[in-house]
Structures are given as structure tokens and as C-alpha cells.
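Visitor: The structure is given below, and queries will be raised subsequently.
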Amino acid sequence: MLEVKDLHVTVEGKEILKGLSLTINPGEVHAIMGPNGAGKSTLSAVIAGKDGYEVTSGSITFEGKDVLEMDIEERACAGLLLGFQYPVEIPGVKNIYLLKAALNAQRAARGEDEMPAPEFMKLVREKIKFMKMDSSFLQRAVNEGFSGGEKKRNEILQMLLLEPKLAMLDEIDSGLDIDAMKVVADGVNSLRDANRAILMVTHYQRLLDHIVPDVVHVLVDGRIVKTGGKELALELESRGYEWVLEESAA
Amino acid sequence: MSDEQTFLDALSARDTRRGAEPTWIAARRQAGAARFEALGFPTRRDEAFKYTDVRAIARGDFTLAQDAQDVAPLSPATAAALTLPLEALRLTFVDGIFAPELSDLAALPAGVSVEPLSQALADNHEAVGGALGRLAGVDFSPFTALNTAFAEEGAVIRLAPGSVVETPILVQFLSRANATPLMSHPRVLIEAGARSQATVIEHQVGEEGAANFSNLVSEVMLERGAILTHYKLQEASLKDLHVSSLHIDQGRDSRFTSFNLNLGGSLVRNDIVAELNAQGAETNYFGLFFAQGRQHVDNHTLVNHNAPHTFSNENYKGILGDRAHGVFNGKVVVRRDSQKIEAHQSNANLLLSDRAEIDTKPELEIYADDVKCSHGATTGQLDEEAIFALRARGIGEETARGLLTLAFAGEVMDQVALDAVAERVERTVAGKLPERFNLAGLVEVAAALDEE
């Protein structure tokens, strides 16, 4: 589904990713862990198409298509969706409007008609209930005045509605208390199916107790230095990253 | 020949062609002409025109539509396309000349009169003479003087005490694309009796390529408790030159709300002046100016708090792209005895390009000591992070930018109660966005589902 090959990325002239390769198949949940500054957030930002990241070599393909040739919105419409670590506030744009415009843009890209209003509202209400959010959120400006936890729930709400093929979650657990973490994890888990994949970037094992990964990667200094099963995350939690570094250097 | 002389010659030529008029009108014309001649066109050395160069008007050679030989009539289809799609009492002028076939006053409710100025003068010129020119004297500006010298046509709207008009009154000024540049000097008079209530829309719009000069003066009188909402929707062609002044006189407990929405014109200057003459009077100025290319839009507003316990609130938003130039000058004057007043003013500007320019200046002159006043001005750009966030959900870049541009105007546009007006603004400012106006329907659907 997603194939990242020998990816080199520089930010403001500094090389952050130094030959990263990664394959994600449908149905899989991948977690990328690693120390601060390893390039974890860079990977998902590059895949989503954020400005300021220069790919100097390597490739990213999604379902056989060259992602680096696609516009930001094309990537989203193709099913690549990024859940932000710091969701941006958009004053003056109502949440309901964002949801509707995004859903219909994606439907249009697939050659589908707009979703009729009653059907749309029914769907939104179902999802918003699932995320234990109040429907008043729909009328509020996107993320404006939301707490950290509310912003993260809102990201997942968008995911639930837009149903991406590959959901990328950048430190979705940061700033969440345990209750909010459960709600967010339930949301993410509800996306899991045989045709969809999830890529999580996280610092902490805690998230992985709730969203159990199939594959765990350790990203250090711009490269994936170790890949394993869910037990690898536990090991990292108890032993830290030093041993991985030593092992990879050896 | 001086710039002024061209206009004075056009006036003399018109005077010989025009039929006999009541002496007071002739006297006013003379006074207007004399004042205009004495003042001359303003230059950048005049404080009030520091940022606005009117040479494109002063050096123009404009013909009155009445005297023009080669003007093609406006086709009904074109007129229909320009007309705002809303149910309204409608008065239409084409390059300053009344167009009865494009007007519709059939459903005029009792207690309301809406007439072309020429008709009002023919019916009872003395009833017009008392009010006309009371607020907009020839000293206000050379353009007001010029209007006074030329004005023959316009609208007279009178609301009897207690009359409430639900249907908006639309006065539209259409401008034709024409080989000879035309000029018009319309005059609008609105007299709102005690406790009357109405919405008046002045709509400037024209054919693409129209390159005419219009110089509008409007006078609005609100008696005790009257409530008037005034829209100016200026969508003139990008070659049109437009100057206007709107003068408001407010009695006790009256409320005036102005929407000054400017989307078109190559050179635009609007003045708005409200006199809050008795306690409880309230005025609200909402403004939006959107300019691109090399458009120049100047809004000068003034609120005179002449009495205690008066309120004013102003919010202007400017959106400027390309090499457009915007000017906002908001002045508030509080007289010495005008205690317990409240005056708030805000101007925010969005620059969509590096070469766009805004000159914004709040001016507060406060001579009373027990007042509540605030003002603020900001200028910024679109938030690129927000654009990315929208695109990362699948929304196209153009739509994302449009959406955020419109969101910037939100505080002003949210107050616009007329969808037909809001849609015109949205289309110009943001391009075609996906169904913003169906959101209201969505909310109703949500409410219905809540009740299930």
C-alpha cells in the first residue's frame, strides 16, 4: 500500500531523514517510535505534503502512485490523511463546514455526488457521539478555543468521517489524559479493517496499550534501525533507546 | 483649461438645456458650482485626500447621460443579470437617469413613499427643498459641491411615523459600458419618521468595461426611535470611478446600521458621517472592502457624538490583493458635554500580496471625560498553516484560500442579513465555495435529529 524507499529529506538545509525505508500493507498498524529529533514527525509531514521539507532522494509510492508528484489535496483524496500533533485553529470556519467541504471534495475526487444533507448529518452525529463530543462542536470554529484533548478528538472525528486508507497519526497521544486517550484509541481502533492501514508516530508505549500495533519501528537519526512486533515497544519502554543504538552500531 | 473648468463648462451647457426650475434649486446649483470652483478638486496635499489621488476623475472628460448622443440602451437581460436577486421595492437608474421599466414599486406598503427625485420635485418641490442639502452642504467636499451643482435625479424615500417596511428598498445605479465616458451625480434623500423601520440598499453595479464617473450624495434623517439599515453594495466595473458621501442625522433612541461593502471600481472614495444628536442614538458601521489589480478604495468614516448616552460601533475589514491600495480613516468626535457615551472601532486588514497597500488611521477626538472608547487596527496575511490543514483534508487550494479569506470577513459578513448581498460578496471575495448557504439547512437537520 505505502512504499517508502531510501528517503532523504532536508529541512532548512539540514538532513533529517537519511535513507528511510518502510513498507505498509493493508490491514496493518505500524508504530514509529524514537527519541526526540529522530525525524518521526518529518516522515508523516513529508507524506502529507507539508511545505518546507525537501526530498533530496528516494521515493514514496501509495497504491503504486508517486506521492511526491501529487498535490496536498490529491494525497488526502487518495486516502492519505494526517492527524496533526498540533491541530491548527481556523477562526471563522465552522467545524461542520470543514467536515462537509472535505467530505464532498473527497467524494468529488472519486466521481461521487455530494452527500445529501440529512444523510450527512446522520453520519456526523453518529461519529461525534462515538468520539463523546458535544454536537455544539460542529458550530464552533475549527479548533478555536478547544482544549488539547478536544483538538485531538476533533482530528479523529475527521478521520472517522473521511475514512482514509492510510491514517497517519502524529503524536496523537500527546497531552491526553487517560479518559481522552481511551476515546481517541477507540476512534482509531474503529478504523481498523483489512483494507486500511494506520501509521502512528509516538514517544510513548502508553498509546500502544490501547492501539496495539502489528509492527513497531525504531527511528533514530533519520533511519529505521530496528523493526519488530508489539513486544519491541515494551522493551523500549523498559530499556530506553540506548541498546538499540548500540546494537545498530555494532 | 483647468480640470475644474471642464466640469463647469459641462454644467453651463446643461443649464441651457434644462427646463425652468424653482428658484431655490437654481440658487443651490449656483452655490454648488461656486463652491466647487473655489475649492477645486482635492489633491494629496489635502489631509482628507492624503492617500487618494483623484486625478483620474479631475482630468476626465465626462458627459452627462442626458446629453450623450451615442449611448446604447441597456438590454433587459443585462439589467436583469446585474440586479440583485431579492424581493425588493426597486428604483433603477441607468447612468443617473431614471429607468421606470427597470423599477418596481407596485407593492409599496401604506405609509411609505419611494420616488425618483425628479418625480418628488415635480409633485412638491418645497417638501424636498427643506430636507435636501441640510446634511450635505456644499462645504463638505468639492464632490458634494459638484453633486449639488449637477443633481437632477436620485431617490426620495419617506417613511411615515410608525411604518415598518419588511421588504427591502433597493435603489440601483447601473453603469453602462460606453464609448464616451459618462458621469452622474445622483442624490438620495431618506426621511425616516419616528419609530419607522426599513432596510435600504444602494447598489452600484455595471457592465464589464464601463468606465464612468458617479458621484453620489445621500442624506438620511432618523427621527426619534427610527431604525434604518443601510446597505451600500458597490460592485462597479473595474474601470468605474466612484465617489460617495452618506450623511446621517439621528434623533433620540434611533438606530442606524450601515453596511459599506465595496468590491468594484478602479477609484473609490466613500465618506460616511453620522450625527448622533440626542441620547440613546446608536450607529453601527460595518465595512468590507476588497480590492485587487490596481484598484484603489478609500473609506472615510466619522461619528459625531453630539449628545450624552450615544453609542457607536464600527468594524471595517479590508482585503487587498495584487497592487491594490486601501485606505481606512475612522474618526470619532466626542463633544465636551457628551458624557456616558460609548464608541468602539476596529479595522483589520488582510494583505494577499506583498505589493498591496493599506493606510489605516483611527482618529479619536474626545472632549468628555466619562466615556468608554476603544479602537484597534491590525494588518496580516492568510495563515499558511490553516491553508495546509484544509488541503490536508482534501479541500482544493483555491477553495481553502477563499474559505479563509471569507472567514476573515466573518465578523462583518455574519451581520449581513440579506443572502443575496452576502452571496455577491462571497463570490467576489472567495470565488465559488461549496454551499456555504446550505449550512443553515444543516443546522436545522441537526436540530431535528436531536429531537428524535
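The values are calculated or read from the model by the stated rules, or taken from the named source; none is laboratory data. Quick caveat, the model's predicted, so the values are computed rather than measured. Here the Cβ is made from the backbone with ideal geometry for all residues, glycine too, and neighbour counts use every protein chain on show.
Visitor: Under the condition of being more than 17 Å from the chain's Cα centre (by Cα) and among the aliphatic types (A, V, I, L, M), which residue from region A:132-179 is farthest from B:Leu406 (Cα to Cα)?
Guide: A:Ile178
Visitor: For a quick check of your reading: which helices (runs of 4 or more DSSP H) sit entirely within region B:352-452 and have at least 3 residues that are modelled with pLDDT under 95, under 30 Å from A:Ala48 (Cα atoms) and within 12 Å of another protein chain (Cβ to nearest Cβ)?
Guide: B:397-408
Visitor: Shifting gears a bit: Name the pairs whose Cβ atoms lie under 6 Å apart, with the first residue in region A:63-81 and under 13 Å from B:Thr399 (Cβ atoms), the second surrounded by fewer than 20 Cβ atoms within 10 Å (Cβ to Cβ) and of a type outside the set (D, E, K, R), and 6 or more positions between them or separate chains?
Guide: Between residues of region A:63-81 that are under 13 Å from B:Thr399 (Cβ atoms) and residues that are surrounded by fewer than 20 Cβ atoms within 10 Å (Cβ to Cβ) and of a type outside the set (D, E, K, R), the close pairs are A:Cys77/A:Ala109.
Visitor: Among the numbered conditions (1) touching a Ser or Thr at 6+ places or on another chain (Cβ under 7 Å); (2) buried (at least 24 other Cβ atoms within 10 Å of the Cβ), tell me where B:Val243 comes up short.
Guide: So the condition that B:Val243 fails would be (1).
Visitor: Moving on. If you take the residues in region B:14-51 that are touching a Pro at 6+ places or on another chain (Cβ under 8 Å) and not in a helix (DSSP H, G or I), which one is nearest to B:Asp271 (Cα to Cα)?
Guide: This residue is B:Pro42.
Visitor: Restricting attention to region B:138-151, does a residue exist that is of a type in the set (Val, Ile, Thr), modelled with pLDDT of 95 or more and assigned to a strand (DSSP E or B)?
Guide: No: region B:138-151 contains no residue that is of a type in the set (Val, Ile, Thr), modelled with pLDDT of 95 or more and assigned to a strand (DSSP E or B).
Visitor: Next question. Can you confirm whether region A:174-196 contains a residue that is on the phi < 0 side of the Ramachandran plot, within 14 Å of chain B (Cβ to nearest Cβ) and either part of a helix (DSSP H, G or I) or small (Gly, Ala, Ser) (or both)?
Guide: no
Visitor: While we're looking at this one, here's another question. Checking A:Thr61 against (1) more than 13 Å from A:Glu3 (Cβ to Cβ); (2) more than 14 Å from every other protein chain (Cβ to nearest Cβ); (3) among the β-branched types (Val, Ile, Thr), which single condition isn't satisfied?
Guide: Among (1) more than 13 Å from A:Glu3 (Cβ to Cβ); (2) more than 14 Å from every other protein chain (Cβ to nearest Cβ); (3) among the β-branched types (Val, Ile, Thr), A:Thr61 violates only (1).
Visitor: What is the one condition in (1) surrounded by fewer than 22 Cβ atoms within 10 Å (Cβ to Cβ); (2) touching a Phe, Trp or Tyr at 6+ places or on another chain (Cβ under 9 Å); (3) more than 12 Å from chain B (Cβ to nearest Cβ) that A:Thr42 does not satisfy?
Guide: All conditions are met except number (1).
Visitor: Still on this structure, please answer the following. I want to confirm something. Restricting to region A:76-85 and keeping residues that are more than 9 Å from chain B (Cβ to nearest Cβ) and assigned to a loop (DSSP other than H, G, I, E, B), which single residue is surrounded by the fewest Cβ atoms within 10 Å (Cβ to Cβ)?
Guide: Checking each candidate, the answer is A:Gln85.
Visitor: Continuing with this model, one more query. Considering every residue within region B:66-78, establish whether at least one is within 19 Å of the chain's Cα centre (by Cα) and over 29 Å from B:Ala198 (Cα atoms).
Guide: no
Visitor: In region B:305-313, is there at least one residue being free of Cβ contacts under 8 Å to residues at least 40 places away in the same chain, touching a Phe, Trp or Tyr at 6+ places or on another chain (Cβ under 6 Å) and surrounded by 23 or more Cβ atoms within 10 Å (Cβ to Cβ)?
Guide: No, region B:305-313 has no match at all.
Visitor: Can you name every residue in region A:89-135 that is more than 7 Å from chain B (Cβ to nearest Cβ) and surrounded by fewer than 15 Cβ atoms within 10 Å (Cβ to Cβ)?
Guide: Hits for region A:89-135 are A:Arg110, A:Gly111, A:Glu112, A:Asp113, A:Pro116, A:Glu119, A:Glu126, A:Lys129, A:Lys132, A:Asp134.
Visitor: For the structure I just gave you, tell me whether A:Ser248 is within 26 Å of A:Lys18 (Cβ to Cβ), surrounded by fewer than 18 Cβ atoms within 10 Å (Cβ to Cβ) and small (Gly, Ala, Ser).
Guide: Yes, satisfied.
Visitor: Hey, among the residues in region B:271-284 that are crowded, with 24+ Cβ neighbours inside 10 Å and in a strand (DSSP E or B), which one's nearest to the chain's Cα centre (by Cα)?
Guide: Residue satisfying both the conditions and the ranking: B:Ile272.
Visitor: Run down B:Val164, B:Val171, B:Val217, B:Val128 and say which single residue is touching a residue at least 24 places away in the same chain (Cβ under 8 Å), more than 21 Å from B:Phe7 (Cβ to Cβ) and buried (at least 24 other Cβ atoms within 10 Å of the Cβ).
Guide: B:Val171
Visitor: Among the residues of region B:152-161, count how many are surrounded by fewer than 24 Cβ atoms within 10 Å (Cβ to Cβ) and under 16 Å from B:Arg18 (Cβ atoms).
Guide: 2
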